[in-house]
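> What follows is a structure written as structure tokens; I'll ask about it next.
The values are calculated or read from the model by the stated rules, or taken from the named source; none is laboratory data. The model shown is predicted, which means the values in this text are computed figures rather than measured ones. Note that each Cβ is placed from the backbone with ideal geometry, even for glycine, and that neighbours are counted across all protein chains shown. For the accessible areas, the whole protein counts, side chains as well, though only heavy atoms, and no ligand, DNA or RNA atoms are used. Shrake-Rupley method; radii C 1.70, N 1.55, O 1.52, S 1.80 Å.
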Amino acid sequence: MTGTLLLAAAPIGRPEDASSRLRAALADVPVVAAEDTRRLRRLASDLGVDVSGRVVSYFDQNERTRADELLGELLAGRDVLVITDAGMPGVSDPGYRLVRAAVAADVPMSVLPGPSAVTTALVLSGLPTDRFCFEGFPPRKDGERARRFAALADEPRTMVFFESTHRIAAALDAMAAAFGADRPAAVCRELTKTYEEVRRGPLGDLAGWARDGVRGEITVVVGGAPEPAGLSDPDDLAAAVAAREATGTRRNRAVAEIAKENGVPRAVVYDAVVRARAAKDT
């Protein structure tokens with residue numbers, strides 16, 4: 001019998017957001033792996049929970065070696081609870097290596113769901129939520145950060161980033177340069193805490209605001225790239241089909257492609273081609 005790996009979401013601000021399952025697990029699990037053992041003790045105290053199991057540190061710098069140790073505990077039949085400072089383990093926090101090792105060893109896992117800065121900021125941003133992607137922390141170096149944002153300039157989904165208080169101004173400047181100063185965005189800080197703030201507006205305005213300094217834990221939400229404006233004028237549609245035919249594409253296929261690319265009925269494009277050819281022949 002192997003133990004179960006428990007991945008627990010920690011409150012991102014208020015301790016009272018902790019789930020009852022997290023409270024029970026902290027009191028009962030024999031091994032607790034915490035990103036910061038002092039913060040874990042503080043959380044347990046706030047929750048009125050006595051952590052009875054062995055507590056070990058599990059952070060970025062020791063994740064590789066500690067994952068092997070924790071896998072050994074699981075294979076020996078002991079449950080292991082992984083908890084980070086805030087949010088879900090493995091989401092820009094330690095946890096991924098241990099999850100991969102547990103999957104490879106066929107160790108059972110369970111998630112204790114809870115608060116997430118990603119989804120909290122997303123719904124507060126006022127930006128589209130039907131499709132989104134999480135991009136974590138941008139690169140620290142200017143050149144690498146600029147290249148990352150340039151690669152995302154045409155991303156149609158709403159994007160969510162984490163950023164530190166020391167780099168937020170530079171990151172917003174780089175976003176405005178890559179995505180456009182008018183791209184809508186929201187800067188969310190201190191989510192669920194006493195001084196929670198959500199600042200919404202164009203990236204250019206937010207970059208200017210951030211130059212005075214922004215404190216706290218920060219999540220940035222950026223609107224996706226707008227849909228390219230499609231052709232609608234009949235002459236433009238006919239010209240696009242003609243250009244496609246000039247490359248060797250058969251007319252029927254060219255009409256179908258142009259209709260799909262511009263979001264107009266195929267019959268509209270075909271009629272535009274017929275009228276253009278009739279006008280040329282007269």
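> Checking Thr194 against (1) closer than 30 Å to Val273 by Cβ; (2) of a type in the set (Val, Ile, Thr); (3) open to solvent by 30 Å² or more (accessible area, probe 1.4 Å), which single condition isn't satisfied?
Of everything listed in (1) closer than 30 Å to Val273 by Cβ; (2) of a type in the set (Val, Ile, Thr); (3) open to solvent by 30 Å² or more (accessible area, probe 1.4 Å), Thr194 misses just condition (1).
> Residues Thr165, Thr120: which one is in a loop (DSSP other than H, G, I, E, B), open to solvent by less than 60 Å² (accessible area, probe 1.4 Å) and closer than 25 Å to Gly90 by Cα?
Numbers: Thr120 fails: in a loop (DSSP other than H, G, I, E, B).
Of the residues listed, the single one that is in a loop (DSSP other than H, G, I, E, B), open to solvent by less than 60 Å² (accessible area, probe 1.4 Å) and closer than 25 Å to Gly90 by Cα is Thr165.
> Right, something else. Would you pick out the residues in segment 95-110 that are of a type outside the set (Gly, Ala, Ser), touching a Ser or Thr at 6+ places or on another chain (Cβ under 9 Å) and open to solvent by less than 30 Å² (accessible area, probe 1.4 Å)?
Here is the first cut: in segment 95-110, the residues of a type outside the set (Gly, Ala, Ser) are 96-100, 103, 106-109.
Restricting the remaining residues to those that are touching a Ser or Thr at 6+ places or on another chain (Cβ under 9 Å) gives 106-109.
Passing the criteria: only Val107.
> Anything in segment 41-54 that is under 30 Å from the mean Cα position of the chain (by Cα), more than 19 Å from Ala117 (Cβ to Cβ) and not charged (D, E, K, R)? List them, or say none.
Scanning segment 41-54 gives Ala44, Leu47.
> Given the criterion of a type in the set (Ser, Thr, Tyr), in contact with a Gly (Cβ under 9 Å, 6 or more places away or on another chain), part of a loop (DSSP other than H, G, I, E, B) and more than 13 Å from Leu5 (Cα to Cα), identify the matching residue among Ser52, Ser92.
Values: Ser52 fails: in contact with a Gly (Cβ under 9 Å, 6 or more places away or on another chain).
Matching residue, one of Ser52, Ser92: Ser92.
> In segment 223-249, how many are part of a helix (DSSP H, G or I) and either of a type outside the set (Gly, Ala, Ser) or touching a His at 6+ places or on another chain (Cβ under 6 Å) (or both)? Let's see the steps before the verdict.
As a first pass, look at segment 223-249 and keep what is part of a helix (DSSP H, G or I): 234-246.
If we keep only those that are either of a type outside the set (Gly, Ala, Ser) or touching a His at 6+ places or on another chain (Cβ under 6 Å) (or both) as well, we get 234-237, 241, 244-245.
Of the residues in that region, 7 qualify.
> When both residues are 6+ apart or on different chains and their Cβ atoms are under 6 Å apart, which pairs have a first residue that lies in segment 197-222 and is at negative phi, and a second that is basic (Lys, Arg)?
Partner pairs satisfying both residue conditions: Glu197/Arg189; Leu203/Arg183; Ile218/Arg189.
> Could you run through segment 251-266 and say how many residues are without any contact (Cβ under 8 Å) to a residue 12 or more places away in the chain and either farther than 16 Å from Gly230 by Cβ or outside any helix (DSSP H, G or I) (or both)?
Summing the residues that are without any contact (Cβ under 8 Å) to a residue 12 or more places away in the chain and either farther than 16 Å from Gly230 by Cβ or outside any helix (DSSP H, G or I) (or both) in segment 251-266 gives 3.
> Restricting the search to segment 197-219, which residues are of a type outside the set (Gly, Ala, Ser), open to solvent by 30 Å² or more (accessible area, probe 1.4 Å) and not in a strand (DSSP E or B)? First the steps, then the outcome.
Residues of segment 197-219 that are of a type outside the set (Gly, Ala, Ser), as a first pass: 197-200, 202-203, 205-206, 209, 211-212, 214-215, 217-219.
Of the ones still in play, those that are also open to solvent by 30 Å² or more (accessible area, probe 1.4 Å) are 197-200, 202, 205, 209, 211-212, 215, 217.
Within segment 197-219, Asp205, Trp209, Arg211, Asp212, Arg215, Glu217 meet the criteria.
> Shifting gears a bit: Being on the phi < 0 side of the Ramachandran plot and assigned to a helix (DSSP H, G or I) narrows it down to one residue among Ser45, Ser110; which is it?
Criteria check complete, one pass: Ser45.
> Restricting the first residue to segment 128-144 and requiring it to be within 21 Å of Pro226 (Cβ to Cβ) and of a type in the set (Ser, Thr, Tyr), which pairs with a second residue that is surrounded by 15 or more Cβ atoms within 10 Å (Cβ to Cβ) and at pLDDT 95 or above meet a Cβ separation below 7 Å and a spacing of at least six or different chains?
Thr129/Leu122; Thr129/Thr158
> Mind listing whichever residues of segment 179-191 are outside any strand (DSSP E or B) and open to solvent by 30 Å² or more (accessible area, probe 1.4 Å)? Reasoning before the result, please.
At the first step, the residues of segment 179-191 found to be outside any strand (DSSP E or B) are 179-183, 190-191.
Correct list: Ala181, Asp182, Glu190.
> OK, next. Would you confirm, using the coordinates I've provided, whether Asp154 is surrounded by fewer than 17 Cβ atoms within 10 Å (Cβ to Cβ), of a type in the set (Asp, Glu) and in a loop (DSSP other than H, G, I, E, B)?
yes
> Take the residues in segment 64-94 that are open to solvent by less than 60 Å² (accessible area, probe 1.4 Å) and of a type in the set (Ser, Thr, Tyr); name whichever of them is nearest to the chain's Cα centre (by Cα).
Only one residue fits best here, namely Ser92.
> Something else now. Which count do you get for residues in segment 1-39 that are part of a helix (DSSP H, G or I), surrounded by fewer than 16 Cβ atoms within 10 Å (Cβ to Cβ) and aliphatic (A, V, I, L, M)?
Total meeting the criteria: 2.
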